[in-house]
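Student: Sharing a structure, written as structure tokens. Questions coming.
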Amino acid sequence: MSFNFPKEEEAILEFWKQTDAFQTSLKLSEGKPEYRFYDGPPFATGLPHYGHIIAGTIKDVVTRYFSMNGYHVSRRFGWDCHGVPIEFEVEKHHGMSKPNPNVEGGVTIAEYNQKCREVVMLFANEWETIITRAGRWIDFKNDYKTMSLSFMESVWWAFDQLFDRNLVYRGVKVMPYSTALRTPLSNFEAKQNYKDVKETALYVGFSSADGRWKEETQLVAWTTTPWTLPSNLALAVNQEFDYVRVKSTNFNEAEPVYWVLAKDRLCAVMNAKELETAQIVEEFKGKDLVGLHYKPMFPYFVEKAKETSFRVVAGSFVEAGSGSGIVHCAPFFGEDDYAVCVQNHIISNRNEPYVCPVDEAGLYTDEVSDYAGRYVKDCDKDLIKRLKAEKRVLKQEQFTHSYPFCWRSDTPLLYKAVSSWFVSVEDIKSKDMPEYVQVSNTDEILKAREERRAAKRAEANGEEVTENRLLESLDTTYWVPDSIKTARFHGWLRDARDWAISRNRFWGTPIPLWVSDDGEEIVSIGSVKELEEKAGLPAGSITDIHRDKIDDITIPSSKGKGALHRIPEIFDCWFESGSMPYAQVHFPFENEDLFKASFPAEFIAEGVDQTRGWFYTLLVLSTALFGTSPFKNVIVNGIVLAGDGQKMSKRLKNYPDPVDVINTHGADALRLYLISSPAVHAEDLAFKEEGVFELKRQVLNPWLNVFRLFEQNVNVYNSTHPTFICDEKRARASTNAMDVWILAETETLIATVRAEMEKYYLHTVVPPLLKYINDLTNWYVRLNRKRLKGSNGDEEWEVSLSVLASVLNTLGVLMAPFTPFLVEYIYQRLKASLPAEHQFGSVHFAQIPNVQQATEAEKAKQAEIIRAAHSLQAAINLGRQIREKAHVSLKIPLKEAVILTFDPQMKDDIAGLQQYVKTELTVSEVTVADALGQIELKCTPSRLVWRLASKESKKTGKPQADLVKELEAFITSLTPEQTLAFEMTGEVVVPSLGLTLTRDEITVERQLVGDNKNKEYAQEGRLFVILSTETDTAAIQQGHARTLVNRIQKAKKRFGLVREDKVEIFVGVTGKKEALGEKLDRAKKVVVPPPVPKQEKKKPEPKKNEDKKEEEGKEGKKGGKQGKAAQPKKEPTPKPTAAKPEKKQDERTDEQCRKDMSTVITTQSALIKSLLNQPVFPLKYYPALRSEFGRVEDEVDGCGVTIVLARPGLDFSDGLRKTNPAACSYLTHFVGLERATDLAVNGDGTVKFRLSKDEKEADKAPEVTLKYKTDFFLSTAETLQEGKYVFPEQW
């Protein structure tokens, strides 16, 4: 019966809910060492996507692991409730315009913010549902919200601390600006939405103004933003470049025109015709142009500009690969322009932008009178037309480049200067604060930092040492992958600029600054209580500090300047999320001990895009406040892309909905797919749903099947023995090689998981787990099937079951952080077989096991067994490859397998386990021998011998040809022993020349010696396997018999039958099936009879759902290769199957086909019975009205077969039930009928037999007479034979 992963996971969720499993785990771990974890707050204005799910899964895996490893791990969800996303939601989807105090009757801030409060948690319930469904344990009830009073007050406190340390100032900053949202965006936000756009680039002339040249000369500047030309204040050149003054007749006038531009850009700027007439009249360096004045291109700001304006300045950002070598600078519309103009005192960085004629909507102001009220980008064409008329345009061209768009409104951004409040990151980097906020956990960190500084100064021998406080904080952290820390984040911190923290918006935490009308008196407020006191308000009267609640509150001036009013700006929401460590617990106003005990965090995790977002703001604020990083360990995940490698897009619908994937394949499969992908170490992942399906098929299903096999065998054991309980001592004392091997591999796995998880290497801990599952399912269980079924006696049965129970339990505990649902499902059914010390309410309450202490002798023995098992696996795999290549099914027995090796240790290892080779390769004999003498080793020189000879010839003067001959002769004369030594070391010395040859110069060929007729071989390293592939009729019949058994087992599985179910098997041969057109579709030919009342088996909790009929085959139609690195790199992949030859036409008649199949069943009945542990009966003996599980039509060797699985017993007439209940009771069990004695068929249609449960007492038993045509129904009268009734052993 198929296992419905999603439905079973939902049952587990219900079980966790009913038992309050997460909170119970927290209570059970109280008093243990605290493992501190911070969860970054997402917005709740949209549903979770794969980026959220992979980050959440990483967080869940790590916190579950440490919770199961002796720590108390609090996990608290958080919500980012402020900022542009919420306002955008209100404006776009709820039709509310922005508050505008200048419009009478317009929307007020109070109305606007109220709507924001209503929509901020729009999808909160869906988030909780999806995150919980994905298997993550985190506290939603005790969540934190950035809009809560307690959180906002702590943000005020943090800002006040920075203000008091002179780390806050008001200035001007060029920022990405959204004219649709009418607010600046952070650089991080601006990078979210780049698009390729086609725009116009101009080469325009600025006239020289200080008399350096007699002729009219224009400095040719390049710009891609013509709309910024009216705001030009400077031109920038590179001091090191060569520049030229060119005489040209570009405009076909009598008077020539003189242009100045970079020499290397002449050919790019001027066309061939212009170059023919151009004449270079002067050459000079860029530094010779610095200080040169020029005439303003437009008249709008001539009077307003400083005297230092309209001149040439030096700028290192001027590049040689584009433009003219001269860049036009409008300082309030470009970051480089702004920086170079501040540096040259053209503007000041702390003044209002006085040459910024663009309003919030991106329209020219009245200062640019000719274009006032028009959107700036729409004016480009008119500006170009005007400049052409003035003969200032040397060249105009179209170009395509990547341009930032608003990530919310999808409109182009402008770079525009805005007045803003800044945190001086430059000062945080370069200065120690007078007094950091004291937190006990940071004492050792600060002390270690001082020691590192002292050591650094000592190494500098008294020279000045530059210290960057942010980089020092970074040095205390550990990142996975490390490259994000040492490259991307390190560079970002090294070059970090002052941080603009204010936004001209409405919904957010207001900046707590109250300012006088003249701007000279500024008061920073650090708490609600302080505001109440300074404003003269009653204590406790302020319960909300959003703008609509506090904008009207004034504070009396202490300097006689009247009332102080709050500034209108709010905080950038990144300032709020960066304050999360202390704001979530309302530090320092309460929970002081709790915060100090949880700072810094042991672990955080987010996507690579947060290096300039949350990771950055966390580090900057904590370094400024506490002197150190707020976190110790970081895992950075990559971006999850659509399957085609493009960004996931709701509009394009180029990815499957994560909820649909979970509902189709289950959360465990999705988690395993994501955790085993490159995205766990910051690489991009092209998501493919097929990869999720493949992991379920290749990992979860086999793992589940192993447990089901265990469960079935335990149930059989319990039916005849006392209840089975795993005896771990007996398991560990087992001398069975496979038991010792799997237990040794288990200990290795425990050690690996512990070591890798301590390093936070999720990407390296998953592959060993998956390999172990493969070893358990495809090797240990396969090689121990008979022991597990009890075929080798009770002692072996109990030991093998104990070993399997032990390793299943250990595997479940180790996999619990990764696949929490399946391990819980298995554990709840497994724990009844575990000893008391391993029984918990949930597997997630268990602890990760420690590696068992072993003596050196025990360790050596384990290493030997592991080595031997690996050699065994290699041999078996080679044998399987041979069969596959030769197209000989594993079901067909072969005569002999010969295993040869040049390694004596490997020979002994395989010889000691050769019984497993015999079983797995289905061979009658196994020979393990030394390969020397049976495998010819031949060394041949490679072409690189000539290269070596050439080098030696130059050194010694010997002819190259002679050296080649000598080397070739030496190589071909190597003995097998020398060749083996060479293969081990990879080197061999030519004594006569003193030269060392390597694998580059020598190729080793191997050839099988002797008669190779009907033999195939395969080789891996020093191991060779040879199979005799010749088959006879008996072998082929055995193969067909095994195929029939396989079909029967699949039918039993299809109907959900397990080993302990009583079932009788009937098989009918239906005749020849043609290869084309008539081959049976097994899925369609399954006949399921009407349900028959059957006593339901009691299923252990938490399973609630009995409907498991979902077909895995339906999912299989979606199957395929997994996609980019969804499977771990170390996970072995099956080798491609060789193309099978075209199948020959079956020329047998229908009668011959039936006869051949019947012969197989007759001659191989003993084999079939031994494989099934029960006989198979002819379908013609099947009673028509028997109660069926179902029937399947299938095919074996081109012959159709009908398989009927019947419940034991017959359906009797009501009359017989009343008149002879004893006979009915007896005949209900088919085995009873088979043992009946004196069974005879009389001519009058009656059946007589003696009713007895004991054959020895049959003669004394009463005789029963039944009418078989009326009292019970059989398919045909042929079922009963005259005289004694005996089921034939052979057909």
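The values are calculated or read from the model by the stated rules, or taken from the named source; none is laboratory data. A quick note: this is a predicted structure, and the numbers were derived from the prediction, not measured. Glycine also receives a Cβ, built like all others from the backbone with ideal geometry; neighbour counts cover every protein chain displayed. Heavy atoms of the whole protein, side chains included, go into the accessibility calculation; ligands, DNA and RNA do not. Shrake-Rupley method; radii C 1.70, N 1.55, O 1.52, S 1.80 Å.
Student: As a quick test, which of the pairs LYS145/LYS653; LYS771/LYS918; LYS789/LYS831 have an alpha carbon distance above 27 angstrom in this structure? Intermediate results must be reported in sequence, preceding the final value.
Tutor: Values: LYS145/LYS653 32 Å; LYS771/LYS918 24 Å; LYS789/LYS831 20 Å.
Listed pairs above 27 Å: LYS145/LYS653.
Student: Still on this structure: What accessible area per residue comes out for region 454-608, rounded to a whole number of Å², with a 1.4 Å probe? Write down the numbers at each step before the final one.
Tutor: On the way: 6500 Å² over 155 residues.
Value for region 454-608: 42 Å² per residue.
Student: Rounded, prolate or oblate, given the Cα gyration tensor of region 504-548, with a/c below 1.5 counting as rounded?
Tutor: Working: a/c = 2.31, a/b = 1.15, b/c = 2.01.
It comes out oblate by the Cα gyration axes.
Student: Applying the Karplus parametrisation 6.51 cos²θ - 1.76 cosθ + 1.60 with θ = phi - 60° to the phi angles of region 748-765, what ³J(HN,Hα) value in whole Hz is obtained for each residue in order, glycine and proline being reported as x?
Tutor: Per-residue couplings from phi come out as 4, 5, 4, 4, 5, 4, 4, 5, 6, 5, 5, 9, 6, 8, 4, 6, 9, 8 Hz.
Student: Still on this structure, I have one more. At a 1.4 Å probe radius, carbon and sulfur cover how many percent of the accessible area of region 659-787?
Tutor: Details: 2010 of 4100 Å².
The C+S portion of the solvent-accessible surface of region 659-787 is 49 percent.
Student: Could you sort the peptides 331-343, 910-922, 932-944 by per-residue average Cβ neighbour count (10 Å cutoff), highest mean leading?
Tutor: Numbers: 331-343: 21.5, 910-922: 18.5, 932-944: 15.4.
Peptide ranking by packing, descending: 331-343, 910-922, 932-944.
Student: Still on this model: Which of rounded, prolate or oblate describes region 596-703 when judged by the alpha-carbon gyration tensor and an a/c cut-off of 1.5? Numbers along the way, then the final one.
Tutor: Numbers: a/c = 3.14, a/b = 1.90, b/c = 1.66.
Since a/c reaches 1.5 and a/b is larger than b/c, the shape of region 596-703 is classed as prolate.
Student: Stretched out fully, how many nm does the piece from THR108 to GLU216 gain, at 0.36 nm a residue minus the Cα gap? Don't skip to the end; give the middle numbers.
Tutor: Details: separation 108, 0.36 × 108 = 38.88 nm, distance 5.73 nm.
Contour length minus Cα-Cα distance gives 33.1 nm.
Student: Something else now. Non-local amide H neighbours of LEU641 (under 5 Å, H modeled in plane, Pro and chain starts lacking H): which ones?
Tutor: Hits under the 5 Å cutoff: LEU685, ALA686, PHE687.
Student: Given a 1.4 Å probe and every protein chain left where it sits, what share in percent of the accessible area of region 98-163 is carbon and sulfur?
Tutor: Numbers: 1440 of 2880 Å².
For region 98-163, the apolar C and S fraction of the accessible surface comes to 50 percent.
Student: Here's something else I'd like to know. Rounded to the nearest whole Å², what accessible area per residue is found for region 127-241 with the 1.4 Å probe?
Tutor: Details: 3860 Å² over 115 residues.
Heavy-atom accessible area per residue stands at 34 Å².
Student: Step through the residues of region 1195-1200 one at a time and calculate ³J(HN,Hα) from phi using the Karplus curve (6.51 cos²θ - 1.76 cosθ + 1.60, θ = phi - 60°), rounding each to whole Hz and writing x for Gly and Pro.
Tutor: 9, 9, 6, x, 10, x
Student: Considering amide H positions built from the backbone, and no H for Pro or chain starts, which residues 5 or more places from SER889, or on another chain, come under 5 Å of its amide H?
Tutor: Placed amide hydrogens put nothing under 5 Å from SER889.
Student: Collect residues whose amide H, placed 1.01 Å from N in the peptide plane, falls under 5 Å from the amide H of LYS1015; neighbours closer than 5 in sequence don't count.
Tutor: THR1029
Student: Based on the mean of other Cβ atoms within 10 Å per residue, sort peptides 44-50, 724-730 so the most packed one is first.
Tutor: Working: 44-50: 19.1, 724-730: 16.4.
The densest-packed peptide leads the list: 44-50, 724-730.
Student: Measure off, as a whole percent, the carbon and sulfur share of the 1.4 Å-probe accessible area of region 245-322, all protein chains present. Show your work: numbers first, answer last.
Tutor: On the way: 2050 of 4300 Å².
Result for region 245-322: 48 percent of the exposed heavy-atom area is carbon or sulfur.
Student: Using per-residue counts of other Cβ atoms within 10 Å, averaged over each peptide, order 848-857, 821-830, 1050-1059, 385-394 from highest down. Before the final figure, lay out each step's value.
Tutor: Numbers: 848-857: 11.9, 821-830: 24.1, 1050-1059: 17.6, 385-394: 15.5.
The packing order, highest mean first, is 821-830, 1050-1059, 385-394, 848-857.
Student: Taking θ as phi - 60°, what are the ³J(HN,Hα) couplings along region 523-539 by the Karplus curve (6.51, -1.76, 1.60), each to the nearest whole Hz, with x for Gly and Pro?
Tutor: 10, 9, 10, x, 6, 5, 4, 5, 5, 4, 5, 6, 8, x, 9, x, 4
Student: Need the full-extension length gain, GLU319 to GLU199, defined as separation in residues times 0.36 nm minus the C-alpha distance. One decimal, nm. Write down the numbers at each step before the final one.
Tutor: Values: separation 120, 0.36 × 120 = 43.20 nm, distance 1.98 nm.
Going from the current span to full extension adds 41.2 nm.
Student: How long are the three semi-axes of the equivalent ellipsoid of region 197-353, in whole Å, if each is the root of 5 times an eigenvalue of the C-alpha gyration tensor, listed from largest down? Before the final figure, lay out each step's value.
Tutor: Numbers: eigenvalues 133, 54, 47 Å².
After scaling each eigenvalue by five and taking roots: 26, 16, 15 Å.
Student: How large are Rg and Dmax for region 1-59 when only the alpha carbon atoms are used, in Å?
Tutor: Here Rg and the maximum Cα pair distance are 15.8, 45 Å.
Student: Say the cut-off is 31 Å between C-alpha atoms; which of LYS696/LYS1052; LYS263/LYS485; LYS786/LYS907 go over it?
Tutor: Working: LYS696/LYS1052 22 Å; LYS263/LYS485 41 Å; LYS786/LYS907 26 Å.
Distance filter (> 31 Å) returns LYS263/LYS485.
Student: Restrict the search to region 104-210; then list the GluC sites (Glu not before Pro) that DSSP places in a loop and that have at most 13 other Cβ atoms within 10 Å of their Cβ. Could you put the intermediate results ahead of the total?
Tutor: Details: sites: GLU104, GLU111, GLU118, GLU126, GLU128, GLU153, GLU189, GLU199; in loops: GLU104.
Taking region 104-210 and a limit of 13 other Cβ atoms within 10 Å, the loop GluC sites (Glu not before Pro) found are GLU104.
Student: So what is the accessible area of region 346-404 per residue, in Å², with the probe set to 1.4 Å?
Tutor: Details: 3050 Å² over 59 residues.
The answer is 52 Å² per residue.
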